[in-house]
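The values are calculated or read from the model by the stated rules, or taken from the named source; none is laboratory data. Only a predicted model underlies this, so the values are computations on that prediction, with no experimental measurement involved. We place every Cβ from the backbone using ideal geometry, glycine too, and count neighbours over all the protein chains shown.
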Amino acid sequence: MDGGESENETVLEQEMEEHKKYERRQKKEQTKLANNYEAPPITVSVDFAVALQQARIAKNWSQKQLASQMNVKQNDVIQWEKINGTKPSSAQHCKLNRLLQTTLPKN
């Protein structure tokens, strides 16, 4: 091997190492973006919001009391009871049914 070939191999190795570093940075950025991603909230239907409010009132619970039972913030319950509010997760929906002893409509 002459000096030119050795120099070319060194340059190639450096380029490969730079490419690997670039890929690691890209992967780190993608992971960071994925971890910070929040799905947009799903809008609650009129039926669900009204049914939830009626079931809560039938138990004589305030929004704050329901939130406490659900281990969520009162604002979450407020949003669930709004016509254009956010929707509880599937697990929260099941827990609401159990706590309120009813079957709330699915959205």
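Summary of computed values
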read-out: Residue 32 at pLDDT 95 or above and out of contact with any Lys or Arg (no Cβ under 6 Å at 6 or more places or on another chain); value: no
read-out: Candidate set: the range 72-92, residues that are surrounded by 18 or more Cβ atoms within 10 Å (Cβ to Cβ) and assigned to a helix (DSSP H, G or I); chosen: the one farthest from the chain's Cα centre (by Cα); value: 81
read-out: Filtered residues of the range 82-107 (kept if among the aliphatic types (A, V, I, L, M) and closer than 14 Å to residue 53 by Cα); value: 83, 96, 99, 100, 104
